[in-house]
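Structure record follows, encoded as C-alpha cells.
The values are calculated or read from the model by the stated rules, or taken from the named source; none is laboratory data. Fair warning: this is a prediction, and the values are worked out from it, not measured in the lab. Heads up, the Cβs are rebuilt from the backbone with ideal geometry, glycines too, and the neighbour counts pull from every protein chain shown.
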Amino acid sequence: MGDSADKWTVLRLINWTKDYFERSGVDEPRLSVEVLLGHVLGCPRVSLYTQFDRVVDAEHLKAFRELVRHGADGEPIAYLTGVKEFYSLAIKVTPDVLIPRPETELLVDAVLDYARSRAGEEIRLWDVCTGSGCVAVAAAKHCQTLSVLATDISAPAVAVAVENTEQHGLAGRIRIEQVDLLTWPQTQRPRHPADGGVESFDIITANPPYVTDAEMEHLPESVKQEPAAALRAGPTGLEFITRIISDAPACLKPPPSTGLGTAGLLAMEIGAGQAGRVYDLLGKTDLYENVRFLKDPAGIERVVLADRIAD
Ligand code: GLN
C-alpha cells in the first residue's frame, strides 16, 4: 500500500492486502482482509462486493492500514475488530477471551438437538468455561425454553460474557457467574422453583482448555495471542476434561425413575486425538452411558456426548 498515484478502490485494496497477508502467513487472507475492510467502512463484509469501485478516502485508508499492520504482525483479526461471528451471531471478543471457533458450534447443535427432543419443556443448561459466552448466547437465542447458568474462572471473561448476554437481549435467561469449573457449591447457587432441595441441570456444556504443554509451544502465532489459560491444560491435555467428567454427574439430572424420558447430558469439546482417552475416562466412572462423538468439518471427533445414568 505505497503512495501510489492511483486511487485505492475497494477491489484494489482487497487484492493488494490479500497478497500481503498471504506473504505474512495470515490465516484465511482474503476473508481476513474483507472482515477488516468491512469493519473500517462500517458495512457488512458481503456488501463490499457491491462496492468494488468505491474509492476509499484517506481517513478510512489510514485506519485500515493500521489494522492491516497489526494483522500482518500476527494479531488475531477478531481482536482487531472486537467481534467474531459464531452461529451467525456477532459475538464481542477481547484478548481476555478465546475467539469462538466454528467447531465449537457443535456444542450449540447438541443443546438444540436435546431441546428438540423435549419440545416445550424448560431446559436448564450450565455452560462451564463460557469465555465470551458464545455457546450460552447462541443456544439461548435459538431456544426459547432454555435457561442458562454460564460460568468462567476468569473475571475479565465473565465481564465479556455479560456484555454479550446483554447485547443479544438474553440477560433474563442467562445468568453469568465467576466459578472454577463445576465447583460452585449447591448452597450458593440460585435456586429454581422446580428444585426439590438439589439444583440440577439438563445439560452441561464445556469447551475447557485441552492443549498440552508441549503443543502450546507450536501454536500458530495468532493463537499464541489468545489467553493461555483458555488453552493450556497441562502435560496430558486432559486435566480439565478429567475434572469435568468426575464432577458433572452430581450436577446433572438423573433419568426419570419411570425409565422413560431423557437423562442429563454432558456435551464437551475435546482436542484432536483425545477421543479414545476421553471414552475410557467416561467409562471408568460408571456414571455415564451412550457415549458418542460429533465430528467437526475436518472429520475430527471434536465433541463428546454422554448421558448420565440412573442412580
Ligand atoms: N480449539 C482451540 C485451538 O485449536 C483450543 C480450544 C481449547 O483449548 N478449548 O486453539
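Quick check on my filter: what residues within the range 103-112 are more than 11 Å from the ligand (Cβ to nearest atom) and of a type in the set (Asp, Glu)?
GLU105, ASP109
Just to be sure before I move on: is THR187 modelled with pLDDT under 95, away from the ligand (no atom under 12 Å from the Cβ) and of a type in the set (Ser, Thr, Tyr) in the structure I sent?
yes
So in the range 250-278, with the set limited to residues that are without any contact (Cβ under 8 Å) to a residue 60 or more places away in the chain and crowded, with 21+ Cβ neighbours inside 10 Å, which one is farthest from ILE153 (Cα to Cα)?
If we take residues in the range 250-278 being without any contact (Cβ under 8 Å) to a residue 60 or more places away in the chain and crowded, with 21+ Cβ neighbours inside 10 Å, then VAL278 is farthest from ILE153 (Cα to Cα).
Output the number of the condition that GLY169 fails; it satisfies all remaining conditions of (1) at pLDDT 95 or above; (2) more than 16 Å from the ligand (Cβ to nearest atom); (3) surrounded by 15 or more Cβ atoms within 10 Å (Cβ to Cβ); (4) not in a helix (DSSP H, G or I).
(3)
Among (1) farther than 20 Å from GLU226 by Cβ; (2) in contact (Cβ under 8 Å) with a residue 60 or more places away in the chain; (3) not acidic (Asp, Glu), which single condition is ALA140 missing?
(2)
Scan the range 139-153 residue by residue and report those that are more than 18 Å from PRO185 (Cα to Cα) and either surrounded by fewer than 23 Cβ atoms within 10 Å (Cβ to Cβ) or within 16 Å of the ligand (Cβ to nearest atom) (or both). Reasoning before the result, please.
Taking the range 139-153 first, the residues more than 18 Å from PRO185 (Cα to Cα) are 139-147.
LYS141, HIS142, CYS143, GLN144, THR145, SER147 - these are the residues of the range 139-153 that are more than 18 Å from PRO185 (Cα to Cα) and either surrounded by fewer than 23 Cβ atoms within 10 Å (Cβ to Cβ) or within 16 Å of the ligand (Cβ to nearest atom) (or both).
Can you pull out the residues in the range 214-239 that are more than 10 Å from the ligand (Cβ to nearest atom) and of a type in the set (Asp, Glu)?
Passing the criteria: GLU217, GLU221, GLU239.
Is it true that PRO100 is crowded, with 22+ Cβ neighbours inside 10 Å, within 14 Å of the ligand (Cβ to nearest atom) and within 30 Å of ALA306 (Cα to Cα)?
yes
If a residue must be touching a residue at least 12 places away in the same chain (Cβ under 8 Å), in a helix (DSSP H, G or I) and polar (S, T, N, Q), how many such residues does the range 5-48 contain?
3
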